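Data first, discussion second: the structure below is written as structure tokens.
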Amino acid sequence: ATNRTFTMIKPDAVADGNIGAITKMIEEAGFEVIALKKTLLTKERAGQFYAVHAERPFYADLCNYMSSGPIVPMILEKENAVADFRTLIGATNPANADEGTIRKIFAKSIEANAIHGSDSDENAAIEGSFFFSGTEQF
Ligand code: CMP
């Protein structure tokens, strides 16, 4: 079925000037951009977004990194969006990502890994609504 996923281009990829190149790959893979903006998270808001990882050893670093510069959150729509988008971005650690994936091409490290992709339909809806109001998700 056609459904939606949520993504963010992370601070490393935005700082490198790769918003356009990454968004082009996303559109060429068949995703429709439903919502998009450039914004900056505070450390506190990054912590809320990643609350599920609060007990992980990398949580504090992750919150610092994700608030270190602007990000580009988007809501995307496609047939089988969540699973197909995770295939497009590749493994969390770019060292393990397949050739041609967004992380293989643009990510620097397991933390500065260029892009986020939701892991379920339920989380896609929660994460999208973290950044976009109802009227922005038309
Ligand atoms: P993502 O999967 O989008 O959301 C959780 C993020 O935490 C992940 O991307 C990385 O940016 C970061 N992350 C995950 N695992 C590690 C790790 N082992 N060390 C550092 N950062 C990590």
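A short reminder: the numbers here are calculations on the coordinates, not readings from a lab. Just so it is clear, the model here is predicted, and its values are computed rather than measured. Cβ: placed from backbone, ideal geometry, glycine included. Neighbour counts: every protein chain shown.
If you take the alpha carbon radius of gyration of the chain and divide it by 2.2 N^0.38 Å, what ratio comes out, to two decimals?
Normalised Cα radius of gyration, the chain: 0.97.
Give me the Å³ per residue figure for the convex hull around the C-alpha atoms of segment 38-92. Walk me through the numbers on the way to the answer.
On the way: hull volume 5.7 nm³, N = 55.
Expressed per residue, the convex hull around the Cα atoms of segment 38-92 is 104 Å³.
When a footprinting reagent is the concern and you count Cβ atoms within 10 Å, what order do S133, S67 take, fewest first? List each step's numbers first, then the result.
On the way: S133 8, S67 18.
In order of increasing Cβ crowding within 10 Å: S133, S67.
Would you please give the residues with an amide H less than 5 Å from that of I34, counting only those at least 5 places away or on a separate chain, with H modeled from the backbone geometry?
Hits under the 5 Å cutoff: I75, L76, E77.
With contacts defined as alpha carbon pairs under 8 Å and 6 or more residues apart, what's the relative contact order of the chain in percent?
On the way: 246 pairs, mean separation 52.5, N = 138.
In percent, rounded to a whole number, it is 38.
Please work out the Cα center distance from segment 1-43 to segment 79-119, rounded to the nearest Å.
Their Cα centres are 12 Å away from one another.
Where does each of T101, T39, T92 land when they are ranked from fewest to most other beta-carbon atoms within 10 angstrom?
Details: T101 20, T39 11, T92 16.
Lowest count first: T39, T92, T101.
So what's the back-of-envelope 222 nm ellipticity for the chain, counting only DSSP H runs of four-plus at -39500 (n - 2.57) apiece and dividing by all residues, rounded to 500? Please list the in-between numbers first.
Details: 7 runs with 55 residues, N = 138.
Per the formula, -10500 deg cm²/dmol.
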